[in-house]
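Asks: I am attaching a structure below and will ask some questions about it afterwards.
Where a number appears in this text, it was derived from the coordinates with a stated rule and is not lab data. None of the values given here were measured: they were computed from a predicted structure. No Cβ is skipped: glycine too gets one built from the backbone with ideal geometry, and neighbour counts run over all protein chains shown.
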Amino acid sequence: MSVRTLIVDDSITMQALIRRTLAADPAIEVVGTACSADEARAQIKALDPDVVTLDIEMPGLSGLEFLERLMRLRPTPVVMLSTLTSEGAEASITALELGAFDCFDKLTLRNPDDAIRLPGLVRAASATRNRMAPTPVRAPVPSQDDYVPRDGAMIAVGASTGGVEALIELLSGFPATCPPTVIVQHMPASFTASFAARLNRLCRPTVEEARPGAPLAVGKVYLAPGGDRHLEITGSGTKRMCRLSPGPRVSGHQPSVDQLFHSVARVAGADAVAAILTGMGGDGAEGMLAMRKAGSVTIGQDEATSVVYGMPAVAFRTGAVVQQLPLRKIAARLLQECRA
């Protein structure tokens, strides 16, 4: 069965470029195109596509407005096409929060080495179609004003596709006095500053991009910057800090969840707890296994609540995960393990 795809973009030239890129994959069939939200709505009703590629910037109803309505009324896997510049990062983060499967930089479509990623994203998005549901309204989370972490406790988290929504939900359950928390979320370099700022506005702890030498402190969450460095933890005892290390990709990624988890295993051992969330591939499984062997409690997001049950599945199969939990229960478990 081919992946039936609808292209939504106001540029006829861009439509043709996207069509040509997708047509190179025999598993994908482009069933239609649309230049506006109104056309897209009609095409979706008539064609019932498996996946929609959607431009963020469109005349009339914007891509974000259309995405919000689509996810609320007729949830469909969507790959957003945008310019992944710092100016477009905020809109792209909003799209991911609204439920878009992933974002793709449309400026790279003319480079064959980069363009080849788009068919892979469309195929992966189609696999989530039967599990799409209207974006839930997040329930209020108890404030946990009395929460005190034990000395030396810390949390490490890895996520990829679907991680924007997952991390917002996870960190919404953290108190202002949460244990020091380090996160690798696979995303472009231009996204992480905007995402850290978004998390900081939405959550009680202070969330910031990790910087070299930043001391791990209670009430602080450190997000690995996208780009060409790995986030690691260094130090000893309760005096630990962030380190950004250059180096090749690990498990296909830079920054890598494996690289972070291995450093946490070495430096924190049983003081640390870890969670591996939704994402494609297997990044994080080896590092999480090292953490478990070092005495850390390790949690994996379950299949039912993962947008893509890839990273958590590999970690579970390799014996790295102590327990699988639905996303809504992971924050409480992490905090329980770190409570004084």
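Asks: So what's the net charge close to ARG240: Lys and Arg +1, Asp and Glu -1, counting the other residues with Cβ under 15 Å from its Cβ?
Replies: +3
Asks: For the stretch 194-243, what relative contact order do you get, as a whole percent, if you take Cα pairs closer than 8 Å and at least 6 residues apart?
Replies: 33 percent
Asks: May I ask for the longest run of the chain untouched by trypsin sites (Lys or Arg not before Pro) that are loop-located per DSSP and have at most 12 neighbouring C-beta atoms (other than their own) within 10 Å?
Replies: With a cap of 12 other Cβ atoms within 10 Å, the longest stretch comes to 151-340.
Asks: Amide H neighbours of ARG4 under 5 Å, counting only residues 5+ apart in sequence or on other chains, H built in-plane at 1.01 Å?
Replies: GLU29, ASP50, VAL51
Asks: Something else about it: Based on alpha-carbon atoms only, what is the radius of gyration of the chain relative to the globular estimate 2.2 N^0.38 Å?
Replies: 0.99
Asks: Just to be sure I understand: of the beta bridges DSSP finds with both ends in the chain, what percent are antiparallel, rounded to 5?
Replies: 20 percent
Asks: Going by a ≥ b ≥ c, the root eigenvalues of the Cα gyration tensor, does the stretch 71-130 fall in the rounded group (a/c under 1.5), the prolate group (a/b larger than b/c) or the oblate group?
Replies: Note, shape of the stretch 71-130 comes out oblate.
Asks: Next question, about the same structure. Name the shape class, rounded, prolate or oblate, that the alpha-carbon gyration tensor gives for the stretch 8-50, where a ≥ b ≥ c are the square roots of its eigenvalues, rounded holds for a/c under 1.5, and otherwise prolate holds if a/b is larger than b/c and oblate otherwise.
Replies: Judged from the Cα gyration tensor, the stretch 8-50 comes out oblate (a/c at least 1.5, b/c at or above a/b).
Asks: I would also like to ask the following. Along the charge dipole of the chain, pointing to its positive end and built from +1/-1 on Cβ of Lys, Arg, Asp and Glu, which listed residue (GLN323, ALA37, LEU64) has its Cα farthest out?
Replies: It is GLN323.
Asks: Dipole of the stretch 21-101, Cα-centred, from +1 at each Lys and Arg C-beta and -1 at each Asp and Glu C-beta, to the nearest 20 debye?
Replies: 280 debye
Asks: Excluding residues on the same chain fewer than 8 positions from LYS239, give the lysines whose Cα lies under 17 Å from its Cα.
Replies: Cross-link targets: LYS220.
Asks: Per q in 0.19 Å⁻¹, report the Debye log10 I(q)/I(0) for the stretch 212-340, using one uniform scatterer on each alpha carbon and no solvent.
Replies: Treating every Cα as an identical point scatterer, log10 I(q)/I(0) equals -1.11.
Asks: Still on this structure: Calculate for the chain the 222 nm mean residue ellipticity that helices alone would give, adding -39,500 (n - 2.57) per DSSP H run of length 4 or more and normalising by residue count, nearest 500 deg cm²/dmol.
Replies: Mean residue ellipticity, 222 nm, calculated: -10500 deg cm²/dmol.
Asks: Continuing with the same structure: Taking the chain as a Gaussian network, where each spring joins two C-alpha atoms under 10 Å apart, which residue of GLU165, GLU65, GLU90 fluctuates the most?
Replies: Maximum fluctuation in the GNM of the chain, among the listed residues, is at GLU65.
Asks: Quick one: 3J(HN,Hα) in Hz for the stretch 145-158, Karplus 6.51/-1.76/1.60 with θ = phi - 60°, rounded, Gly and Pro as x.
Replies: Each residue of the stretch 145-158 in turn: 4, 8, 6, 9, x, 6, 4, x, 5, 8, 10, 10, 9, x Hz.
Asks: Still on this structure: Taking the highest mean first, how do the peptides 271-280, 30-39 order by number of other beta carbon atoms within 10 angstrom per residue?
Replies: 271-280, 30-39
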